[in-house]
Amino acid sequence: MIPRLRIGRVMASRLVLAVGVFAYFALSDDRFFTTNNVFTIFEGFAQLGLAALAIGLTIIAGELDLSIGSAAAVGGILAVTWAGFGLVPAVLLVTLVGAGFGAIQGYAIHRLRIASIVFTLGTLIGLRGLAFLISNEDTVVVPDLDIARVVKHQLWIFSPFSLVTIAVLIATAVFLRYSRWGREIFAIGGGRTEAVAAGVPLGRPLVLTFMLSGAMAGLTGALTSLKSGSAAPGGFADLLLPAATAALIGGVAITGGSGSVLGIAVGSLTLRFVISGLSLRAEPYYALTFVTGMLLLFVIALELLVDRPEARQRFGMWRARLGRGGSRASPA
Amino acid sequence: MKERVVTERVVEAEAAEEAAARAASPWRVPVVVGSAVLLLLLVGWITTPRFVTVDNALIIVRSASIIGIVAVALTFVTISGNFFSLSLGETASFSAIAFSFMIAEGWGVPAALVLTLLLALTFGAVQGLVVAAGANPIITTLGAGAALFGLAAVLTENKTMRTGSHVADWLGRGRPFGIPNQTWAFVILTIVAALVLTKTPFGRRLALVGSNAAAATATGLRRGTIAIAAFAIASLGAGLAGMFTAAQVGQGTTDQFPELTINAIAAVLVGGTVISGGEGSMLRTAVGAVFIAGLDNLLVIRGYSFGVRVTVTGLAVLAGVSLFTVLRRRTV
């Protein structure tokens, strides 16, 4: 199995990268490798990991969910609005709503045979409008700030938020690796026509992928907003950039079918190492955006240069697949 | 081997089905776009007398101009089979800052104009180059957009760049025959772009590469060159939008165009251009931009909130792309 070998090689290189970045910042700044800063890194990881998993899963399935930022904004506002029900019910409810919305979105994409980038661009706009609509165009605030304190309560280097993220990552990893439904997501991403010809039902993995990305987006929005005690309808507009960067650093192949939850976690951590290291040097937020963008371009270049002809060929296949809606593009 | 044959047959059958549908109904998409505009006019005329007036029509076209210029330029990218660019707003902001800087430095309007557009052109060409090398256009432009935003912010320390003079006022505020320059530019560029697409060898090559990359390569067309040109044109459109706006308001900032990218893509999609490439129309993109602006205008006159307006826009995009996808596939 060539794909497995490839994952191994990519995974090893990404682990080396993560360790290298960590070592660089740890050696160059004594404030980096301290309990409090590692806690801060994990707090950032808690949010980024879920978002990277949401976008990473859709990339693995050969799709792209552009709506995660808007879905997170709606999730945040719903969670803060429902905070009166209690922390756990509010978070669970928002996650369920996100999953429900994602399932409908996946079903629509499947039934209409529409390119997911087109459909999710529509929901990106629509959900953003909904966020403004349900919040009356204003920041919503939790009734009781104790909720925020619980979410970010420090337990050594963890908090309830980061522990939830780690649990979700582990559960998703087990599901993808050991269940038939999980492996179908990889199958439709690697070679869709072949997978369908071999008897994989296209609908189930598509609905499942978007259901998971919707749930993760909702959960990210809910926990991040509850942690800060408020949610703004314009929030999470730039979630896509760090999420996609983390997923690709983590070795998720943009061409689909290849990647792992462990990789996504490692990629998210690597990006948080970089951001934490630069934040300690008091770099402004836009410098962090610049570095994130350059990192994304660097990873793209890496993928192109490492296996160039293959990458080019796969891009053609990706196009053909996305163009299910009306393409005459050939799969080569 | 056998599976491969099956695969190829499936792909061929789907392609044949779509080609048949297309041949049977070249008028379907234009009819839908036209009907949507008529419906909007009818609803507006019945419910809101103020909506269907010459003055209001001019207001709508004027507000659609900046998005329209970018959307028409972006249509080249979509038709070439490279989906869309996520760096348009950042390119426009960068151009607005660069133009303001050059005016403030006293380089004169002609030099500032040419240099700003050259800068935008270069940014686009570089992104096109990366895409031509086999990278995914959406992820590439996501990274490039972040890098451009970051670069502009680092260079200006994220401060507003003012022109500090009135020498460029004629460009941004000029109204020959009572109609703003921006609107003239929108109309003229739509016509020029339509002519380039339908009457020049470049336009036909662009559509061929987009509709069937393999056939285009087989006939000796260079996909890479086309991709570079398409992204350069899209970026040029964004540069023009940034320059007009900078000249109009006398300044450039890094977050001057927060919604430009998404709105321009929405206009292309509402205009019914096929996302996988090969088929599209500049005129329909322009109508798409005007339709979205008109819908927004009607809702503003009716007193609806921002949230309602954005939600309705999202629903319109979803309805449009779903309808186009289904109509393009049905043979009857």
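Below are the figures for this structure:
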{"item": "Spin-label pair residue A:298/residue B:114, simplified geometry with 7 Å Cα→Cβ offset, distance in nm", "result": "3.8 nm"}
{"item": "Debye log10 I(q)/I(0) at q = 0.22, 0.24, 0.26 Å⁻¹ for the range A:218-259, Cα point scatterers", "result": "-0.78, -0.83, -0.88"}
{"item": "Ratio of the Cα radius of gyration of the range B:59-102 to 2.2 N^0.38 Å, where N counts its residues", "result": "1.35"}
{"item": "Dimensionless Rg over Rh [chain B; C-alpha; Kirkwood]", "result": "1.00"}
{"item": "Coil-residue trypsin sites (Lys or Arg not before Pro) of the range A:227-288, DSSP, other Cβ within 10 Å capped at 14", "result": "A:281"}
{"item": "Degrees, to the nearest 10: B:2-24 long Cα axis against longest axis of chain B", "result": "60 degrees"}
{"item": "Centre separation in Å (Cα based) which lies between the range A:225-264 and the range B:44-76", "result": "36 Å"}
{"item": "Alpha carbon convex hull of the range A:187-303, projected area averaged over orientations, nm²", "result": "8.9 nm²"}
{"item": "Degrees separating the helix B:137-156 axis from the principal Cα axis of chain B, which is the longest one", "result": "10 degrees"}
{"item": "Listed peptides A:134-142, B:209-217 by packing density, highest first (mean Cβ within 10 Å)", "result": "B:209-217, A:134-142"}
{"item": "By average C-beta atoms within 10 angstrom, highest first, the peptides B:150-159, A:121-130, A:104-113, B:85-94", "result": "B:85-94, A:121-130, A:104-113, B:150-159"}
{"item": "Overall dimensions of chain A as given by Cα atoms, namely Rg and Dmax in Å", "result": "19.4, 57"}
{"item": "Kirkwood Rh and Cα Rg combined as Rg/Rh, the range B:229-332", "result": "1.02"}
{"item": "Computed P(r) (all Cα pairs; the range A:93-249; 10 Å bins; percent)", "result": "10, 32, 35, 18, 5, 0"}
{"item": "Sparse-neighbour loop sites [trypsin sites (Lys or Arg not before Pro); the range A:1-87; at most 14 other C-beta within 10 Å; DSSP]", "result": "A:31"}
{"item": "Span-rule helices in chain A, defined as complete DSSP H runs reaching 24 Å or more along the axis (Cα) with Kyte mean at least -1.0", "result": "A:2-28, A:35-60, A:87-112, A:116-134, A:160-178, A:203-228, A:261-280, A:285-306"}
{"item": "Separation of the residue A:171 and residue B:195 label points, Cα + 7 Å toward Cβ, nm", "result": "6.2 nm"}
{"item": "Shielding score for B:211-217, defined as the mean number of other chain Cβ atoms within 10 Å", "result": "4"}
{"item": "Sparse-neighbourhood loop sites, chymotrypsin sites (Phe, Trp or Tyr not before Pro) in the range A:123-169 - DSSP loop, at most 15 other Cβ within 10 angstrom", "result": "A:156"}
{"item": "Kirkwood Rh, angstrom, the range A:189-238 [1 / mean 1/r, Cα pairs]", "result": "13.4 Å"}
{"item": "Length-normalised contact order of chain B in % [C-alpha pairs under 8 Å, at least 6 apart]", "result": "35 percent"}
{"item": "Two-decimal Rg/Rh across the range A:16-88, once Rg and the Kirkwood Rh are taken from alpha-carbon atoms", "result": "1.12"}
{"item": "Tilt relative to chain B, helix B:223-249 - C-alpha long axis, 0 to 90 degrees, to 10", "result": "30 degrees"}
{"item": "Translational D in µm²/s for the protein assembly as shown (Stokes-Einstein at 37 °C, 0.692 mPa s, Kirkwood Rh from C-alpha pairs)", "result": "129 µm²/s"}
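Read-outs: derived from the displayed coordinates by stated rules, not from any lab. Every value quoted in this text rests on a predicted model; they were computed, and no experiment measured them. We place every Cβ from the backbone using ideal geometry, glycine too, and count neighbours over all the protein chains shown.
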